[in-house]
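Here's the structure, in structure tokens; my notes come after.
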Amino acid sequence: MTGLTSLLAAFGLSTASGINAFIPLLAIGIVSRFTELINLSAPYDILEHPALLVTIGVLLALEFIGDKVPVIDHALHTVGVVVAPTAGAVAFLAANSHAGLVHPVVAVICGVLAAGLTHGTRAAARPIVTATTGGVGNPVVSLLENLAALVLTVLAFVAPVIAAFAVVLLLILAVVVFRRVRAMWRARAAAA
């Protein structure tokens, strides 16, 4: 990937990192190691190293399982306040590393914002799911989130323009969720 496609892919991958921090990082490493869809420049080529791929895979498995349990998922979302934006920054930097279209500082800011906003939306919506379904809906929502992260990650590699369109749709969804959560908090405050 070069030029504009790597930039669009970087936004897609960093946004997907806000949904699941480990799927995009694992995909970047695997795709770079075994295909020519993405070429990583140093130091981001470390994502191709087998030991790091195994480590990210183990973390993905632990997160995948833990996010299905209502109390554990909230703890993971709290940790995700740091992990998701960090993964988003790394994903953006890695996807942009070969083309070098964006200055690294700007890439970090874009990655942190894309992943942070996505993670914030996810973390804000999950308590609503827990409250309205008694926790029964959490595994379903978690699975849908994982599928969304996987689809967005794949799109970032094979159809970056479509991935960018999906990012815009997620941004619109984020605004809607934040407005509803704010309205719910105001209603609670007025009732108290």
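The values are calculated or read from the model by the stated rules, or taken from the named source; none is laboratory data. Remember, it's a predicted structure, so these values are computed and weren't measured experimentally. Here the Cβ positions follow ideal geometry from the backbone for every residue, glycine too, while neighbour counts run over all protein chains shown.
Here are A75, A95: which of them is farther than 19 Å from G135 by Cα and at pLDDT 85 or above?
Result of the check over A75, A95: A95.
Report, ordered by the first and then the second residue, all pairs with beta carbons closer than 7 Å, sequence separation of six or more or different chains, a first member in region 171-189 that is part of a helix (DSSP H, G or I), and a second member that is modelled with pLDDT under 80 and acidic (D, E).
none
I'm checking my understanding of the structure. Among residues of region 123-161 that are surrounded by fewer than 14 Cβ atoms within 10 Å (Cβ to Cβ), among the aliphatic types (A, V, I, L, M) and over 22 Å from E63 (Cβ atoms), which one is modelled with the lowest pLDDT?
Across region 123-161, the extreme among qualifying residues is A131.
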